[in-house]
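Asks: Below you will find the structure I want to go over with you.
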Amino acid sequence: MAGAVKTEAIVLRSLRYGEADRILHCYTPGRGRIGAIAKGVRKTRSRFGGRLEPYFRLNLVLHEGRSDLMTVTSAETIQPYAALRADGPALDSAARACDAVARLFDTPEPAPPVFHLLANELALLDAGAGGTPGLTSQATHENQLAFRIKLLLVAGLAPQLRACATCGEAEHLVGFSPAAGGVVCGACEAGSFRLDREAHTFLTEALGRPLSEVPAHVGDRTLRQAERAISETVAHHANTRLRAATSR
């Protein structure tokens, strides 16, 4: 039914359309991922200014008609995350976080925890951007992987990490099997890949700790194994692939 829709939104992606318009891909707490068109936004005197760019957190008023795309009629900035836009690694991490949300949650199903997790991630990246005194940059490989495994938790795809995903054995966990859904023991390791204790520990702590308390200065081998576990879980159970994470 046609009418006005009011919602918070984070702009995941913004594409030029026609001579002066933009197509927005946004994530909202109550409607999941939505598409909208902002007409005339690229004109010099547009009432929207530059606020319909990726990674802005906004209050939107949209007109919902028969088209798959809503029309933006009003936009008010909640948080522009301005600092991260001037910090290359933070901006790259923000792009990869938004891309992961877009790939894993590409339907209009409401998922408020996804919205709040993404908003938290952008706020952390923004706060630590540009060498802010007293704050550590969150634009790290560790942070990106922690964000992704938390997305898997919200999606109901978090891997089994406490015991063997095949037999339930709590000891001698030596591998990771995407098909089985998590770590596996020596007796069930057929079809799995090696997962060192350090990588297992990192995944467990990244899943259980707040994003602001993600383990830091983790070894490259550990991060490669952890990323493989996350990426292959997504590929096997969500039938999509995430962009590779990058380190600072």
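No value in this document is a laboratory result; all are computed from the given coordinates. The structure presented is a predicted model; accordingly, all values stated were derived computationally and were not measured. Neighbour counts run over all protein chains shown; Cβ positions are idealised from the backbone, glycine included.
Asks: Efficiency by 1/(1 + (r/R0)^6): what FRET value for K39 and D99, r their Cβ-Cβ distance, R0 = 35 Å, to the nearest 0.05?
Replies: Efficiency at R0 = 35 Å is approximately 0.85.
Asks: For the chain, take the longest principal axis of its alpha carbons; what is the angle in degrees between that and the long axis of helix 220-238, to the nearest 10 within 0 to 90?
Replies: 70
Asks: Now for a separate question. Going by amide H atoms built from the backbone, whose H comes under 5 Å of the H on V184, apart from near neighbours?
Replies: So V184 has HN proximity to A165, V174, G175, F176, S177.
Asks: Relative to the longest principal Cα axis of the chain, at what angle does helix 141-154 sit, 0 to 90 degrees, rounded to 10?
Replies: That works out to roughly 80 degrees.
Asks: Over the alpha-carbon set of the chain, divide Rg by the Kirkwood Rh and report the Rg/Rh ratio to two decimals.
Replies: Result: Rg/Rh = 1.03.
Asks: For a test of the definition: using alpha carbon positions, the gyration tensor, and the 1.5 limit on a/c, classify segment 101-215 as rounded, prolate or oblate.
Replies: oblate
Asks: Turning to a different aspect of this structure: Work out which GluC sites (Glu not before Pro) in the chain are exposed loop sites (DSSP not H, G, I, E or B, at most 13 other Cβ within 10 Å) and give the longest gap free of them.
Replies: Within the chain, the longest run free of exposed GluC sites (Glu not before Pro) spans 20-170.
Asks: Let me ask you something else. Give me the extension gain from N239 to V5: residue separation times 0.36 nm, minus the current Cα-Cα distance, reported in nm with one decimal.
Replies: Answer, rounded to one decimal: 81.1 nm.
Asks: Okay, helix-only estimate at 222 nm for the chain: each DSSP H run of n ≥ 4 adds -39500 (n - 2.57), divide by all residues, round to 500 deg cm²/dmol; what do you get?
Replies: -10500 deg cm²/dmol
Asks: Could you tell me how many degrees, from 0 to 90 and to the nearest 10, lie between the Cα long axis of helix 197-208 and the main elongation axis, the longest principal axis, of the Cα atoms of the chain?
Replies: So the helix axis and the longest Cα principal axis differ by about 40 degrees.
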